[in-house]
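K.L.:
Mind having a look at this structure? Questions to follow.
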Amino acid sequence: MNLQLRPALISFLALSLLTGIAYPLVVTGLARLLFPRQAAGSLITKDGRVLGSEWIGQSFCSPGEFWGRPSATVDAAGKPLPYNAANSGASNLAPSNPALGKLVQERMAILRAADPQATGPVPVDLVTTSGSGLDPHISPASAEFQIPRVARARGLEVAQVRALVAAHTEGRQLGCLGEPRVNVLKLNLALAELR
């Protein structure tokens, strides 16, 4: 029995060192070498201060800012904490769930109250959460929906804000993957530069 245990333990330790230590160190080292900005979190900095990450949304609620998708993330106690990267997740409410319908109606009411002049249809990504709850992007339609409100609040021309949105609209990845999108943090930072 003892003769069979030794090879098993040696194999276990060797594989643990290889897959648990050596492989992660090599992959991390290569990532930092080949993609240093991405490996560090794709951080957005200004004047030496970290403002956020390209890949994690933030809460914006001022009329003069573009708003992102709602977030369903929570803190450790289960209380809502939007864009909590330590506890990423969706609401998991099915489209047939009345609670989801109620949340969508509440979010639409908030958008309508913020801009009573916006009478068109509300883009779906402004009233529903993403699968991760961290999505930093909105659709170009969602940005377009908010342009008049943002322009009025900032005292800017609609055409000026529309041009800024167009300049910050990212195309499909590799020309065919995903949908065009707008990074809300980057757009709001560019908007702040217009002052």
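K.L.:
In degrees, nearest 10, range 0 to 90: what is the angle between the Cα axis of helix 158-167 and the longest Cα principal axis of the chain?
P.N.:
The helix 158-167 is inclined about 20 degrees to the chain.
K.L.:
By a straight-distance test (C-alpha under 25 Å), which lysines pair with Lys46 as possible cross-link partners, with residues fewer than eight away in the same chain excluded?
P.N.:
Counting by Cα, and skipping residues close in sequence, Lys46 has these lysines nearby: Lys186.
K.L.:
Okay, moving on. Roughly speaking, what is the centre-to-centre gap between the range 155-195 and the range 44-116 when only Cα atoms are used, to the nearest Å?
P.N.:
19
K.L.:
Got the relative contact order for the chain handy, in percent, Cα pairs under 8 Å and 6 or more residues apart?
P.N.:
Worked out over the chain, it gives 20 percent.
K.L.:
Roughly how many percent of the accessible protein surface of the chain is carbon and sulfur, given a 1.4 Å probe and a whole-percent answer?
P.N.:
That share works out to 64 percent.
K.L.:
Each label point is 7 Å from the Cα along the Cα-to-Cβ direction; what then is the distance between the points at Leu5 and Phe60, in nm?
P.N.:
Simple spin-label model gives 6.3 nm for this pair.
K.L.:
Dividing the convex hull volume of the alpha carbon atoms of the chain by its residue count, what do you get in Å³ per residue?
P.N.:
Cα-based convex hull of the chain, divided per residue, equals 214 Å³.
K.L.:
So, one more: Mind checking the per residue accessible area of the range 86-190 for me, 1.4 Å probe, whole number of Å²?
P.N.:
Result: 52 Å² per residue.
K.L.:
Give me the orientation-averaged projected area of the Cα convex hull of the range 56-140, in nm², one decimal.
P.N.:
Here the figure is 5.9 nm², rounded to one decimal.
K.L.:
I would also like to ask the following. Kindly identify the range 1-84 as rounded, prolate or oblate by the Cα gyration tensor criterion: order the square roots of the eigenvalues as a ≥ b ≥ c, call it rounded if a/c is under 1.5, otherwise compare a/b with b/c, prolate if a/b is larger, else oblate.
P.N.:
oblate
K.L.:
With labels modelled as points extended 7 Å from the Cα through the Cβ direction, what inter-label distance (nm, one decimal) is found for Asp47 paired with Ala114?
P.N.:
2.5
The values are calculated or read from the model by the stated rules, or taken from the named source; none is laboratory data. Owing to the predicted nature of the structure, the values given are computational and were not obtained by experimental measurement. Glycine also receives a Cβ, built like all others from the backbone with ideal geometry; neighbour counts cover every protein chain displayed. Please note that ligands, DNA and RNA were not included when accessible areas were found on the heavy atoms of the full protein model with its side chains. Shrake-Rupley method; radii C 1.70, N 1.55, O 1.52, S 1.80 Å.
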